[in-house]
Amino acid sequence: MMKNPRVFLFIFIAAVVIVIITLGVFNLYIDWLFFEETHFLSVFKTILSTKIATGLLFSMAFLAFYMINILAANRIDFPQRNISILENTIYQDRIPQFQKSAKVIVLLGGLFFAVFVGMFGASKWEEILLFKNRLDVAIKDPIFSSDISFYFFTLPLIETLRRFLSLTIFITLIVTLVNYFLRGGIVITEKSISLDYRIKKHIGVFGLFIFSILAFGFYIDTYKLLFSDHDVIFGAGYTDINARLFILRLLTVFTAITGVVFMSSLFKGSFKWAVFPAGLTALIYIGGIIVYAPALQKFKVAPNELELEKPYIEHNINFTRFGYDLDRIQLKSFDVSYDLDARDISNNDATIKNIRLWDNNPLLRTYSQLQQIRTYYKFIDIDNDRYTINGKYMQVMLSPRELSYDDLPSKTWINERLVFTHGNGLAMGPVSRITKEGLPEFILKDIPPVSDADIRVTRPEIYYGELPNDYVIVKTKTQEFSYPTATGNVYTKYEGTGGIQLSSFLRRILFAVKFNTSKIFLSSDITQESRILFYRNIRKRVNKIAPFIIYDSDPYMVISDDGRLYWIVDCYTVSKYLPYSTFVNRDINYIRNSVKTVIDAYNGDISFYISDPKDIIAKVYARAFPGLFKPLAEMPQALRKHIRYPQGMLEVQAQMFASYHMTEPRVFYNKEDLWEIPSYSDKPMQPYNTIMKLPGEDKEEYILLLPYTPSKRDNLAAWLAARCDMPNYGDLIVYVFPRDRLVFGPRQINARIDQDAYISQQLTLWGQIGSQVIRGSLLVIPIENSLLYVQPLYLAASDRVGLPELRRVIVAYENEVVMEENLETALQRLFAKGAKIPKRTQKLVEQQPIPSENLAREAVKAFEKALQLQRQGDWAGYGEQIKTLEQILRRMAQ
C-alpha cells in the first residue's frame, strides 16, 4: 500500500491524463479514416491544423503573460512576520502552511489554465479561417464606410481577442493576488487590508491592462452601434450617431488615459490620484450614455422621429433586403378577374392534375398502414417532388422506407449490427389521384419496389438515411436481411464501397473502444473484408465534414435515372454580423441557401455543390477548403432537375418581405402596407409546392407558393412564387393584387365553407360516432387571372388508429363553394354550364337522359337506404346516400 499520498495523487492524475490523451488520439485516427473514406481528408487536415495552431497560439500567449507576472511576483521576498504581529489576522494559520509551496502551486496552475485557454482558442478555428481567407463584399456600411467583410470576418475575431485578453488578465490577476497572500505580501486584519508597496506597483500595472481592455471594449462598441435594436428600426439611429458614438469615442480615450494615470499614481504611492480619473470616466459614462442619450431621444428625436430617423430607416431597409436576398424578388401585378370557364380549365389541365390533395400527415398515416410491410420498417416523413413519368410531368409525394431499430423483434447485437443493416425502397404516388376507396394511388410500392410506370429503383437498399443506428458492419460471414416474402426472407450482401474496412486487429480494437463494445474484436463473423458503416444519419454525416454550414431539417430523397437513391440536403450560410439588418432570430440577420449536398443512400458518398455563387461567405469557405465545393453545373443532370427551393428559406424571406417590401421610409415608418402570412383554423399557412403556369409563361413548372394578406385583415394582398425548375431556379416573384377589389383570403374561404349549410351538415354527420373528419390544407391555386381554393377532406375511424381516406374535395371560386367526391366533379359543377367541358371531366356530365319516373324510383331507393343506415349508426354511409339523393334531385330539376 502506497504510504505517500502525494505520489499516489500524482500517479492517479498522470493515469487520467494518459487515458484522456489516448482516447483523443484514437478518436482522431478514426476521424482520419472517416474523412479518408469520404474523400475529404484535406478538410480534416485544414480544420485540425488550424485548431492546433490556434490552440497553441492562445495557450502560449496566455502562458507568457501569466509566467511573466508570476515570476515577477515570485522575485519579491517578504520579511518574516512574528506571531505577535499576526495574532489579530484572520488567516494567520494559513500563511505559514502554504508559504513554502505557493510558488510551485501557482506555476503549475499556469499550465493547468493554459490548457483550458488553449481549448478556448482551438474552438475559434472557424473565425481564424474566415479572417485568413476573407474577401471584400464591395458594399460599405453607411456610417464608418467599412466594407461589410470587416463585420463578417474581422469583427468576430476582434471580439474573441477581447474576451481572450480579458480572461488572461483576470486569471493572472487573481492567481497573482493569491500568490501574494499565501506568501505574506497581503495581510488581512479585522479592520484593514495591508499591501506591500511593491504589490501596489504590480497592481498598478494590472490596472493599466484592465483599463486598456475597457477602452478596447468601448472602441468595439462604436461598431456594435450598427446592431442596436430600436422600436422603429434596427441599427444605429439618430441618437446613436449624434450622442452615443461621440460618448463612446470619448470613453475610449479617457479610459486609456485613466489606465496610465492609475498606474502612475500607484507607482508614486498616491491612491487619491489613482481613483480620480476612474471616477471621471464613470461620470462621463453615466452622464453621456445613461442620462444624455435617452434625454436626446425623448425630447428631440421622438417628437420629430420620422424626419430625423429617415436616413437610418433607409439604411435598415437596404441592408435587411440585402441580408435576406430580397432585392432579387420581382414585383408584378396580378389583375385578378373571375371569368374562368371550362376552356380555361382544360387549357390548364396540367395544373389541375397536379393540385395536391394529400396532406403530409394523413398520407404518412396511410403509407404507414399500407406500405410499412413489417413493424421494423418505418416512414418518418413525406417528401414532395416532381418527375416525368410515362411522358407526363407530374408532382408526386414519396416517403423512404427506413429500418427502425427501436422496433426490431429481437434486439441482439448480431441483429442490430450484422443482420438488419438497411431500409428498403420507398412508396411514391401522385399528389391528386385516389382509388375508389379514397386511398392514394401508387406509382412505386412494395418490397422490392414495383411500378407500372417507366420509373424503376435498381438499388433500393438505404444504408444512410434519417433513421439509422450509429453503426453496422457489412460483408461479414452473417447474411444481411434484405426483405421478407410470403415464402421466407431474402438475404443479401453489401456490394458498395461505403464504410471503413476492418482490415486489422488494431482497427477492430479502435472501433470497439469508440462504440464501447468488445463484440467488434471478439466476433468471429467479422473478417478482414468486413466494413464498418458509421455516421449513417445523413445530417450528422454531412455536419461532421462541414460543421460550419447550417443544414435544413427536411432532407428529401431522389430517384436518379439509373434507379439509384440519393438524398439532397439544402444548406445555408448565415451570419449575425450584417449592420442594419434586422434579425430573423437571435443568431441570424444574413442567410443564403448557398449549398446543395447530395448523399448516396447506398455508399454514403457526399458531394457539396455551390447553388449561390454570389454568396460571399460561401466564397470564403471555398477559399479556406479548396476542393470541398463543386459548381452546381457539375451535379448530374438526373439529380439537378430535382433540386427545389427550400421551404425554410422561403418562410424566412416571406416573413421579412412582409415588412421590407415597403422601400419608401415614410410608408415603412407608418406601416401603411404591412403584410402578413395568412392563417386559418389558428394555424399559419406554410409554403406549398404545385405545378402551374405562371402568368405570362407558356409552360407549366414546379414552384413553391405562399400567399400574403394585409396586416390584421383577411383578404389576399399578394402571392409569392419561388421557381424551382432550371434555368429559372431561384427566381422569386411576388404577384400583387389590386387594392380596389376584394380577393378572398384563406380565413374568409374557410369561414364560407363553415357557413355552407350542406357542407356543415355533412361535416356534422361524419363527425358523429365512428368517423373522424380531417380537414386538409386549404390551397390557393392561381389559374389564368383567377384563383381557385381547394381543400381536401379525409375520414378516419376515431375509435382506433384510423386509416385516413380522402372522401371529399371542397372547391371555392368567386362566390361559389362546392363539395364533391373528387376534384373533377367539383370543377364540373363550377364550370361546365354553357361551356365546353374539358376532356378530363366530360364523362362525368355527358350522360344519357334518364326518364323522370326512373329518377323518382332511384330517389326513393336512396332515401330508404339512407334511413336504414341511419338506424344502424353508419353515419358515413348515411352521408353517402344523402349525397346520392341530392344528385338525383338535381338531375330531376334539370
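What does the C-alpha gyration tensor say about the overall shape of segment 168-301? Classify as rounded when a/c is under 1.5, otherwise prolate if a/b is larger than b/c, or oblate.
Prolate.
With +1 assigned to the C-beta of every Lys and Arg and -1 to the C-beta of every Asp and Glu, and no other charges, what is the dipole magnitude of the chain about the Cα centre in debye, to the nearest 20?
Result for the chain is approximately 3260 debye, rounded to the nearest 20.
In sequence order, what are the phi-derived ³J(HN,Hα) couplings for segment 308-316 according to the Karplus relation 6.51 cos²θ - 1.76 cosθ + 1.60 with θ = phi - 60°, rounded to whole Hz, with x for glycine and proline?
For segment 308-316, the Karplus-derived couplings read 6, 8, 3, x, 7, 5, 4, 4, 4 Hz, x marking Gly and Pro.
Against the longest alpha carbon principal axis of the chain, how many degrees, from 0 to 90 and to the nearest 10, is the axis of helix 41-74 turned?
Tilt of helix 41-74: around 30 degrees.
For segment 536-608, what is Rg from Cα atoms divided by 2.2 N^0.38 Å, rounded to two decimals?
Dividing the Cα Rg of segment 536-608 by 2.2 N^0.38 Å gives 1.30.
What percent of all Cα-Cα pairs in segment 223-351 falls in each 5 Å bin, counting up from 0?
The calculated distribution, bin by bin, is 2, 9, 12, 12, 10, 9, 8, 7, 6, 6, 5, 3, 3, 2, 2, 2, 1, 1, 1, 0.
Sort out for me the Cα centre separation of segment 329-364 from segment 482-561, rounded to whole Å.
Their Cα centres are 44 Å away from one another.
From the phi of every residue in segment 614-625, what ³J(HN,Hα) in whole Hz does the Karplus formula 6.51 cos²θ - 1.76 cosθ + 1.60 yield, where θ is phi - 60° and glycine or proline is x?
Per-residue couplings from phi come out as 7, 5, 5, 5, 5, 4, 5, 4, 5, 5, 6, 10 Hz.
Taking the alpha carbon gyration tensor of segment 673-791, what are the square roots of 5 times its eigenvalues, largest first, to the nearest whole Å?
The equivalent ellipsoid of segment 673-791 has semi-axes of 29, 18, 13 Å.
Which Cα, out of I345, T320, P303, lies furthest along the positive dipole direction of segment 295-350 (beta carbon charges, K/R +1, D/E -1)?
Selected residue: P303.
Taking the Cα centre as origin and putting +1 on Lys and Arg beta-carbons and -1 on Asp and Glu beta-carbons, what dipole magnitude results for segment 721-767, to the nearest 20 debye?
140
Rounded to the nearest whole Å², what accessible area per residue is found for the chain with the 1.4 Å probe?
The answer is 47 Å² per residue.
So what is the 222 nm mean residue ellipticity for the chain from helices alone, if each DSSP H run of at least 4 adds -39500 (n - 2.57) and you divide by all residues, rounding to the nearest 500 deg cm²/dmol?
Dividing the helical sum by the residues of the chain leaves -13500 deg cm²/dmol.
Give me the angle, in degrees from 0 to 90, between the Cα long axis of helix 5-37 and the longest principal axis of the Cα atoms of the chain, rounded to the nearest 10.
The angle comes out at about 40 degrees.
If amide hydrogens are placed 1.01 Å from N in the peptide plane, which non-local residues have theirs closer than 5 Å to the one on E480?
T492
I'm a student and want to see the number: the projected area of the Cα convex hull of segment 376-464, averaged over all directions, in nm².
The directionally averaged projection comes out at 6.9 nm².
What are the residues whose amide H is under 5 Å from the amide H of R808, where those residues sit 5 or more places off or on another chain and H is modelled from the backbone?
L793
Taking the Cα centre of each part, how many Å lie between segment 670-686 and segment 601-655?
Comparing the Cα centres of segment 670-686 and segment 601-655, I get a distance of 31 Å.
Stokes-Einstein D for segment 489-602 at 25 °C, 0.890 mPa s, Kirkwood Rh over Cα pairs, in µm²/s?
Using the Kirkwood radius from Cα pairs, D works out to 140 µm²/s.
Place +1 on the Cβ of every Lys and Arg and -1 on the Cβ of every Asp and Glu in the chain, take the dipole about the Cα centre, and give the residue among F737, A486, F26 whose Cα lies farthest towards its positive end.
Farthest along the dipole direction, towards plus: F26.
Could you rank the peptides 322-334, 624-636, 113-125, 715-727 by their average count of other C-beta atoms within 10 Å per residue, with the highest value first?
Taking the mean over residues of other Cβ atoms within 10 Å, the ranking is 715-727, 113-125, 322-334, 624-636.
Using a probe of 1.4 angstrom, how much of the accessible area of segment 318-371 is carbon and sulfur, in percent?
40
Compute, for segment 687-821, the length of the dipole vector about the Cα centre, with Cβ point charges of +1 (Lys, Arg) and -1 (Asp, Glu) only. Units Debye, rounded to 20.
Value, rounded to 20: 500 debye.
Please work out whether segment 131-228 counts as rounded, prolate or oblate from its C-alpha gyration tensor, where a ≥ b ≥ c are the square roots of the eigenvalues and a/c under 1.5 means rounded, while otherwise a/b larger than b/c means prolate and anything else oblate?
prolate
Using a 1.4 angstrom probe on heavy atoms only, work out the carbon and sulfur share of the accessible area of segment 207-281 in %.
That share works out to 71 percent.
As I understand it, the value is the acute angle between the Cα axis of helix 271-285 and the longest principal axis of the Cα atoms of the chain; what does it come to in degrees, rounded to 10?
The angle comes out at about 20 degrees.
Which order do the peptides 806-816, 418-428, 369-379 take when ranked by the mean count of other beta-carbon atoms within 10 Å per residue, highest first?
Highest to lowest by the protection proxy: 418-428, 806-816, 369-379.
Specify the inter-centroid distance of segment 400-440 and segment 729-794, based on alpha-carbon positions, in whole Å.
After rounding, the separation between the Cα centres reads 33 Å.
State the answer as a single residue: which of I233, V187, F120 lies farthest towards the positive end of the charge dipole of segment 109-242, with beta carbon charges of +1 for Lys and Arg and -1 for Asp and Glu, about the Cα centre.
Farthest along the dipole direction, towards plus: V187.
In units of 2.2 N^0.38 Å, what is the alpha-carbon radius of gyration of segment 300-339?
My calculation over the Cα atoms of segment 300-339 gives 1.89.
Across 5 Å bins from the origin, how do the percents of Cα pairs in segment 283-350 run, short distances first?
Calculated P(r), rounded to whole percents: 3, 11, 9, 10, 10, 10, 9, 7, 7, 5, 4, 4, 4, 3, 2, 0.
Take peptides 584-591, 704-711 and line them up by average Cβ neighbours within 10 Å, highest first, as a rough protection proxy.
The peptides rank, most packed first, as 704-711, 584-591.
If I compute solvent accessible area with a 1.4 Å probe over the protein chains, what percent of it on segment 584-661 is carbon and sulfur?
49
Under 5 Å between amide H atoms, partner at least 5 residues away or on a different chain: which partners does I783 have, H built in plane at 1.01 Å?
So I783 has HN proximity to L788.
Per residue of segment 434-449, what does 6.51 cos²θ - 1.76 cosθ + 1.60 with θ = phi - 60° give for ³J(HN,Hα)? Whole Hz please, x for Gly and Pro, Karplus curve as stated.
9, 7, 4, 8, x, 9, x, 7, 10, 8, 10, 7, 6, 10, x, x
Show log10 I(q)/I(0) for segment 627-717 at q = 0.12, 0.22, 0.26 Å⁻¹, two decimals, from a solvent-free Debye sum over equal Cα scatterers.
-0.57, -1.15, -1.29
Determine how many Å³ per residue the convex hull of the Cα atoms of the chain encloses.
Per-residue hull volume (Cα only) is 246 Å³.
The values are calculated or read from the model by the stated rules, or taken from the named source; none is laboratory data. Just so we're clear, the structure is a prediction, and the values are computed from it rather than from any experiment. Quick reminder, even Gly has a Cβ in these numbers, built from the backbone with ideal geometry, and neighbours come from all protein chains shown. Surface accessibility is based on the protein's heavy atoms, side chains included, excluding ligands, DNA and RNA. Shrake-Rupley method; radii C 1.70, N 1.55, O 1.52, S 1.80 Å.
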